[in-house]
Amino acid sequence: MVDTGREAFRPGQEPPPMPRLALYALLVCLLAVAAAVVSFVQGSWLGIVWILLAGVASNMAWYYLRRARAGRGTSVTG
């Protein structure tokens, strides 16, 4: 089941956890950056593909985080 992050938030309570899809995208982004570093250290130009994947994954994480914040009614701009 997908975590939509639409639980009710009341002042004085701890905010709901980060949406699951945003966490997965952030994990993919970090792993892609690590793979890019390893590729470049080994002298391979394949690291460029990993950098592009990291960019897409970071955009996905940002999107899912903003969507969850908008669903809760909190500030989206930061």
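No value in this document is a laboratory result; all are computed from the given coordinates. Being a predicted model, the structure only gives us computed values, none of them experimental. Every residue, glycine among them, receives a Cβ derived from its backbone with ideal geometry; neighbour counts consider all protein chains shown.
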According to a simple spin-label model (label point 7 Å from Cα along Cα-to-Cβ), what is the distance in nm between Val56 and Leu27? 1.9 nm
Using the 2.2 N^0.38 Å rule of thumb for compact globular proteins, work out how the range 20-64 stacks up: its C-alpha Rg over that value, please. 1.16
